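Before any comments, here is the structure.
Each reported figure results from applying straightforward, stated rules to the coordinates on display, with no laboratory input. The model shown is predicted, which means the values in this text are computed figures rather than measured ones. When we count neighbours, we look across all protein chains shown, and the Cβ atoms used for this are built from the backbone with ideal geometry, even at glycine.
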Amino acid sequence: MHPPLAADLATLPDLLETTRQQAAALLDGLADAPVVPARPAPEPRPLPERGTGLRDALEDFRARWQPGLSASAGPRYLGFVTGGVTPAALAGDWLTSTADQNSMSSLDATGAHLEGETVGWLRTLFGLSDAHEGALVSGATMSNTVGLAIAREWLGERRGVSPAEDGVAALGPVRVLSGAPHSSVAKGLSMLGLGRSALVTVPTLPDREAVDPAALERALQEADGPCVIVANAGTVNTVDFDDLPALAALRDRYGCWLHVDAAFGAFAALSPHHAHLANGLDLADSLCVDLHKWLNVPYDSAVQFTRRRDLQARVFQNAAAYLGPLGDTPDLVHLTPENSRRLRALPAWFTLRAYGRDGHRDIVERCADGARTLGEAVASLDGLRLLAPVRLNVVCFTLTDSPTAARLAALADALAAEVFLTPTVHAGVPALRAAFSNWRTTAEDVRRIVTALETTVRKLPTP
Ligand SMILES: *Cc1c(COP(=O)(O)O)cnc(C)c1O
């Protein structure tokens, strides 16, 4: 064995202890480190021709790379929709790599069954019936893509062809209707060969990002033939929710597939005050929920639910003599884009096992409280205005005077050490978003953010 590798094996418990200490120091620093450090990335170095072992690698990472990492696991990183990592999820993630399972097949031990238990817990958490079966994928983009792949096969079934067997050309033109779809839907359609132009944007309700059901019905009448509806349960700018029961009724009347993108909006179901927003999730034919956002497990994790596992297996089956027959309960290798995959469910299993429904409800409610408090502060601050009511966990706001993209970028830059916000455009107006989805964010953090906003807006050069 290569001597440094042999030495690492001989001292593995010590090295793990050093790694643990480095991790603990990193976590300790999260609350006070600059949220996004202003420093250039290190110059890349050549491949080490001679390895010197883990201890040197740890030190090199700590010295050169770690200081430039954002505090995205910390309490004031409110860009995009970025969850943190609960202590139990972190333990689960460490053990995932430690056990290094390839949970694609039931030929190999119980990993796939642990994923089954986790999916069952998630189904209960979001109020889904047993008709929804699920599998874990790497993120909501992949969850949306898998949902759309099943929809594609369903359209084939309606037209007497199988796109999985015969290719998308056999399917003919496809229409995917949505009010304010996430960008990942277009990406998924591109990957699936359906094309970005298959996506038809349907008008939304006045001053809303929720689709107008009457406009959707007109689009369905014009479409002449089965369509795919992509419903949104939590849009990224204003966390607006489509009326899922109304859309499901249109699905039934016009014979469509209803995919619901509830990447983070599904978590409204955990909070009695907000559950009405996500009413009707169970009506979906396929459903996307991200786990690395509001469940607070590490990247990369999302769940994909569907009522038509048979069609899913038709798309993703990986028939091979050594894998055994598909059967009624296909192994994971036959259900998702990957073949080999880590035991991705373990961090989610750990956090649900450790904190349960009540613990995760508390995270959702504290995030919603933080967003509400910040929203109230923004509404009363001179120089800022809200662009939408705070429905759940996102505050979308802009400058009262000359809200240009450049001025908002200057504001975000000036804030970046204290709070990370990301730019957007809502209803044609450049804006910033603050998205709360990290379990670490406290009321004190929200006060710090409000103070930072007050002073920074006051100092922003007048246009
Ligand atoms: C984040 C998000 C996605 C994409 O998720 P990834 O995890 O980045 O792939 C899709 N839809 C919605 C509504 C989202 O918020």
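Observations on the structure shown:
- When its C-alpha radius of gyration is set against 2.2 N^0.38 Å (N residues), segment 285-359 gives a value of 1.27.
- Of all beta bridges that DSSP places with both ends in the chain, some 65 percent have antiparallel geometry.
- Karplus-derived 3J(HN,Hα) values for segment 437-454, using 6.51 cos²θ - 1.76 cosθ + 1.60 with θ = phi - 60°, are 8, 10, 4, 7, 5, 10, 4, 5, 4, 5, 4, 4, 5, 4, 4, 4, 4, 4 Hz; glycine and proline are entered as x.
- The order of the peptides 232-240, 38-46 by mean Cβ neighbours within 10 Å, most packed first, is 232-240, 38-46.
- For segment 313-463, the fraction of alpha-carbon pairs lying more than 23 Å apart is 53 percent, rounded to a whole number.
- The largest-to-smallest principal axis extents of the Cα set in segment 82-207 are 46, 43, 27 Å.
- Size-normalised alpha-carbon gyration radius of segment 223-306, reference 2.2 N^0.38 Å: 1.12
- Cβ-based net charge around SER190, under 15 Å, with every Lys or Arg adding one and every Asp or Glu removing one: +3
- Fewest neighbouring Cβ atoms within 10 Å first, the residues VAL176, VAL390 line up as VAL390, VAL176.
- Each of HIS2, HIS276, HIS360 was scored by other Cβ atoms within 10 Å of its Cβ. Listed from fewest to most, they are HIS2, HIS276, HIS360.
- Net charge of Cβ neighbours under 12 Å - reference LEU332; Lys, Arg +1; Asp, Glu -1: -1
- Here the contact order of the chain, divided by its residue count and restricted to Cα pairs under 8 Å and six or more residues apart, works out to 22 percent.
- For segment 242-291: relative contact order, % (alpha-carbon pairs under 8 angstrom, 6 or more apart): 44 percent
- In range of the label at ALA6: residues from segment 47-62 whose backbone nitrogen is under 14 Å from the point 7 Å along Cα→Cβ: none
- Computed helical MRE - 222 nm, the chain, DSSP H runs ≥ 4 contributing -39500 (n - 2.57), nearest 500: -13000 deg cm²/dmol
- The residues neighbouring TYR77, those whose beta-carbon lies less than 14 Å from its own, together hold a net charge of +2 under the Lys/Arg +1, Asp/Glu -1 convention.
- Length-normalised contact order for segment 114-198 - Cα pairs under 8 Å, 6+ apart - percent: 25 percent
- Fraction in percent of alpha-carbon pairs per bin - 10 Å, the chain: 4, 19, 27, 25, 17, 7, 1, 0
- Segment 349-389: chymotrypsin sites (Phe, Trp or Tyr not before Pro) in DSSP loop, at most 16 other beta carbons within 10 Å: none
- Cα centroid separation, segment 222-251 to segment 393-463 (Å): 30 Å
- Restricting the calculation to Cα atoms, segment 358-406 yields a radius of gyration followed by a Dmax of 13.0, 44 Å.
- Net charge dipole size for segment 201-309 [Lys, Arg +1 and Asp, Glu -1 on Cβ; Debye, nearest 20]: 360 debye
- In loop segments of segment 26-106 as defined by DSSP, the trypsin sites (Lys or Arg not before Pro) with at most 10 further C-beta atoms inside 10 Å of their C-beta are ARG50.
- A Förster radius of 56 Å, combined with the Cβ-Cβ distance separating LEU114 from ASP401, puts the computed FRET efficiency at roughly 0.55.
- Amide H within-cut-off set for LEU384, under 5 Å, with H built and near neighbours excluded: THR400
- Taking a ≥ b ≥ c as the square roots of the eigenvalues of the Cα gyration tensor, an a/c ratio of 1.5 or more together with a/b no larger than b/c marks segment 14-77 as oblate.
- Size of electric dipole in the chain: Cβ of Lys, Arg +1 and of Asp, Glu -1, about Cα centre, debye, nearest 20: 680 debye
- Charging the Cβ of each Asp and Glu at -1 and of each Lys and Arg at +1, and nothing else, the dipole of segment 244-395 about its Cα centre rounds to 140 debye.
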